[in-house]
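Reading through the structure tokens given below for one structure.
The values are calculated or read from the model by the stated rules, or taken from the named source; none is laboratory data. A quick note: this is a predicted structure, and the numbers were derived from the prediction, not measured. For neighbour counting, all protein chains shown are included, and Cβ atoms are generated from backbone atoms with ideal geometry for every residue, glycine included.
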């Protein structure tokens, strides 16, 4: 005499806990879909100052930690945008102290006649040094027009 | 050099000159000579001193030939 295998008890492959369809993708209490944990009696809560009724009520209001509401990620800012948002000064910002003399902080005083912006002289000196190489570089295939424009500007400065 | 290289000395000259302005050509050229660890480091430096994204590398608005 043969007996049919029992279909109860144990971790059977066809048991409901092994059926993916029975798992609530939202988390929570199985298939109920209410996203709440099952309330259950928790012993010894009285010693912590809570009655059983309170503990049950508290559990009823608590959602599981899983399945959080997706939040918008903070936008990624470029360094320039971050600096702009901090209001920090940059090299190109207007001076905070327009009345400060140009030689402030120098150990010795500048000659009386050196008060003007000397960048033009420095520019000419440096441009003269690097212009031949820059002209060659501007002929490299793929050289951007912004570079060629700068070379044109440099040529113009040298030619006067 | 047979093609324009991102991160090369001339690329740096282009970025510094156009970001700092032609009136600062001397300092632009000197900063371009700095051995930057990477073009991204260089661009971050430009952004930190100008407060703007690096300029240059553009192929528009080209007016005259060289």
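Okay, residues lined up against (1) under 13 Å from the mean Cα position of the chain (by Cα); (2) within 8 Å of chain A (Cβ to nearest Cβ); (3) farther than 27 Å from residue A:86 by Cβ; (4) at pLDDT 95 or above:
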{"site": "B:24", "(1), (2), (3), (4)": "yes, yes, no, no"}
{"site": "B:36", "(1), (2), (3), (4)": "yes, no, no, no"}
{"site": "B:46", "(1), (2), (3), (4)": "yes, no, no, no"}
{"site": "B:51", "(1), (2), (3), (4)": "no, yes, no, no"}
{"site": "B:54", "(1), (2), (3), (4)": "yes, no, no, no"}
{"site": "B:60", "(1), (2), (3), (4)": "no, yes, yes, no"}
{"site": "B:66", "(1), (2), (3), (4)": "no, yes, yes, no"}
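Conditions (1) closer than 26 Å to residue A:118 by Cβ; (2) assigned to a loop (DSSP other than H, G, I, E, B), marked per residue:
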{"position": "B:15", "(1), (2)": "yes, no"}
{"position": "B:18", "(1), (2)": "yes, no"}
{"position": "B:35", "(1), (2)": "no, yes"}
{"position": "B:46", "(1), (2)": "yes, no"}
{"position": "B:52", "(1), (2)": "yes, yes"}
{"position": "B:59", "(1), (2)": "no, yes"}
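Quick test for you: out of A:71, A:39, A:51, pick the one residue that is more than 30 Å from residue B:54 (Cβ to Cβ), surrounded by 13 or more Cβ atoms within 10 Å (Cβ to Cβ) and at pLDDT 70 or above.
A:39
When you scan segment A:136-160, how many residues do you find that are under 25 Å from residue A:121 (Cβ atoms), without any contact (Cβ under 8 Å) to a residue 12 or more places away in the chain and outside any helix (DSSP H, G or I)?
Matching residues across segment A:136-160 total 1.
For segment B:3-22, what are the residues that are surrounded by fewer than 16 Cβ atoms within 10 Å (Cβ to Cβ) and either modelled with pLDDT of 95 or more or within 7 Å of chain A (Cβ to nearest Cβ) (or both)?
The answer is B:3, and nothing else.
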